[in-house]
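These notes are about the structure you will find just below.
The values are calculated or read from the model by the stated rules, or taken from the named source; none is laboratory data. Note that this is a predicted model, so its numbers are computed, not measured. Methodologically, a virtual Cβ is constructed for each residue, glycine included, from the backbone with ideal geometry; neighbour enumeration extends over all protein chains shown.
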Ligand SMILES: Nc1ncnc2c1ncn2[C@@H]1O[C@H](COP(=O)(O)OP(=O)(O)OP(=O)(O)O)[C@@H](O)[C@H]1O
Ligand SMILES: [Mg+2]
C-alpha cells in the first residue's frame with residue numbers, strides 16, 4: 001500500500017504535525033480573533049484547518065463549520081453552500097435535525113440523504129432568491145444556534161478569494177456587517193497571498209480591511225518533513241537525498257508527497273533511494289503532466305510565454321533590466337502587460353518583491369521547455 005497522499009487535503013494520519021502554525025492558529029481563535037491564513041499554493045492550508053478543527057477544537061464548547069468556496073460561481077451558490085455546511089455541522093442527531101433546521105431557518109427547505117458512513121448529506125431549496133434576505137436568514141439562524149447550544153461558532157471559508165469572482169453581488173460588503181456585529185462567530189479565511197491579502201484585506205477601501213489577523217503558513221520545516229517521509233519509506237531515504245527533493249520542490253508539501261508516492265511505487269522496497277531515482281521520478285512527473293501543461297502554454301500569447309521565461313531566467317527579480325529585455329528581445333511595455341496578465345490569472349504570484357510561477361511543477365516543466373532548450 002502507498003502511504004503518500006497528494007491529490008486533495010490530507011487527514012490526520014497523513015499530516016506532519018506542524019505545531020507552530022497549529023498553536024498560532026489556536027491562540028488567535030481562543031482570543032476571538034478572525035484569522036487570515038495564507039500561503040503559497042499547495043502548502044497545506046486546507047489540511048491545517050481540518051487538523052485544527054479535528055484536534056484542537058473542543059466540540060463541547062464550539063461548533064466548527066468548514067466551507068470550501070472553490071466551486072462557487074454565484075451568490076446563490078455561496079448561500080446554498082452556507083446552509084448545507086451549517087446543517088452538516090450541527091450537534092443534533094439524525095432524527096431531529098430536519099425538524100430543528102425547519103425551526104431555525106425560514107427561507108429554505110432542507111432534505112437529507114444518508115451516506116454509507118451513516119452521516120447525512122443535505123440539499124436545499126431556497127424560498128427566496130434575494131441574497132441579502134437569505135444571508136440575513138443564515139445569520140439569524142446562527143444566532144439562534146449559538147443561543148440554544150451556548151457554543152462559539154467557528155467558520156472556515158477556504159479559498160475565500162473566490163467570492164471576488166462573483167461580479168454582480170458584493171458578498172464581502174454584506175458579510176462585513178455580520179462579521180463586525182456577531183461576536184459569537186470567529187472566522188478563518190484562507191487563500192494564496194496576493195489575491196487574499198492585497199485584494200481583500202489590506203486595501204483601506206475594501207470592505208474587509210483589517211478584519212482579520214494574518215497568519216502565514218510557511219513550508220514545513222525540512223527536518224520535520226524528513227522524519228515523516230523517512231518513516232513512511234521505512235528508513236530508505238537519507239537526509240541529503242530528501243534535501244535534494246525539498247530543494248527541487250522548494251518545500252511545496254503536495255509536490256513532495258507526490259514525488260514520494262512515485263518513489264515508493266517505483267523503487268525496490270529494500271534498496272536505499274538514490275539521486276538517480278529522484279531524477280527519474282521528476283522526469284516521469286513532468287512527462288505525465290506534459291499535455292496539460294502544453295494546453296496552458298498554448299493559451300498564452302507569444303509575449304506572455306516570454307514573460308514566463310523572464311520570470312524563470314531572472315529568478316523573479318529585476319525583470320526589466322536592459323540586459324534582460326535585450327536577451328529576451330522584448331520591450332518593457334510589452335513585458336509589463338504580459339506580466340500583469342499572468343499575475344491576474346494566477347499563473348504567477350509575487351512575494352517579497354519576487355515573482356514566481358504559482359504551480360511549482362509547471363515551473364519545473366517550463367524550465368525545461370522554455371529555458372533549457
Ligand atoms: N502537514 C502536512 N504534512 C504532510 N503533507 C501535507 C501537509 N499539508 C499538506 N500536505 C500535502 O500537500 C497536499 C495539499 O494540501 P492542501 O490541499 O491542504 O494544500 P492547500 O494549501 O490547501 O492547497 P491550495 O493552495 O490548492 O488550496 C496534501 O494532499 C498533502 O500531500
Ligand atoms: Mg486548499
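Suppose we keep only residues that are farther than 13 Å from residue 122 by Cα and surrounded by fewer than 17 Cβ atoms within 10 Å (Cβ to Cβ) within region 77-91. Which one would you say is farthest from ligand 1 (Cβ to nearest atom)? If we take residues in region 77-91 being farther than 13 Å from residue 122 by Cα and surrounded by fewer than 17 Cβ atoms within 10 Å (Cβ to Cβ), then 91 is farthest from ligand 1 (Cβ to nearest atom). Test residue 176 against the criterion of being touching a helix residue (DSSP H, G or I) at 6+ places or on another chain (Cβ under 7 Å), more than 17 Å from residue 83 (Cβ to Cβ) and part of a helix (DSSP H, G or I), and give yes or no. No: the conditions fail for residue 176. Is it the case that residue 200 is assigned to a loop (DSSP other than H, G, I, E, B), touching a residue at least 12 places away in the same chain (Cβ under 8 Å) and more than 16 Å from ligand 2 (Cβ to nearest atom)? No; evaluated as a whole, the condition is false for this residue.
Look at (1) within 16 Å of ligand 2 (Cβ to nearest atom); (2) surrounded by 14 or more Cβ atoms within 10 Å (Cβ to Cβ); (3) not assigned by TED's automatic domain parsing to the domain that holds residue 187 and you find that residue 4 fails only one, number (1). Within region 310-353, being assigned to a loop (DSSP other than H, G, I, E, B) and under 16 Å from residue 297 (Cα atoms) holds for 345, 346, 347.
Residues of region 44-60 being near ligand 1 (Cβ under 9 Å from one of its atoms) and surrounded by fewer than 21 Cβ atoms within 10 Å (Cβ to Cβ), which ones?
Quick first cut of region 44-60, residues near ligand 1 (Cβ under 9 Å from one of its atoms) only: 44-51.
46, 50, listed by residue number.
For residues in region 61-76 being within 22 Å of residue 169 (Cα to Cα) and away from ligand 1 (no atom under 16 Å from the Cβ), which is nearest to the chain's Cα centre (by Cα)? My answer is 73.
Of all the residues in region 224-247, those that are in contact with a helix residue (DSSP H, G or I) (Cβ under 8 Å, 6 or more places away or on another chain) and either surrounded by fewer than 18 Cβ atoms within 10 Å (Cβ to Cβ) or part of a helix (DSSP H, G or I) (or both) number 12.
Regarding region 143-160, can at least one residue be identified that is within 16 Å of ligand 2 (Cβ to nearest atom), part of a helix (DSSP H, G or I), under 22 Å from residue 53 (Cβ atoms) and at pLDDT below 95? Explain how you work it out, then say what you get.
Of region 143-160, the ones within 16 Å of ligand 2 (Cβ to nearest atom) are 155-160.
From what's left, part of a helix (DSSP H, G or I): 160.
Going one step further and asking which of them are under 22 Å from residue 53 (Cβ atoms), we end up with 160.
Subsequent filtering for residues that are at pLDDT below 95 retains 160.
Within region 143-160 (the criterion being within 16 Å of ligand 2 (Cβ to nearest atom), part of a helix (DSSP H, G or I), under 22 Å from residue 53 (Cβ atoms) and at pLDDT below 95), the answer is yes, since at least one residue qualifies.
For residue 269, the conditions (1) assigned to a helix (DSSP H, G or I); (2) free of Cβ contacts under 8 Å to residues at least 60 places away in the same chain all hold with the exception of (1).
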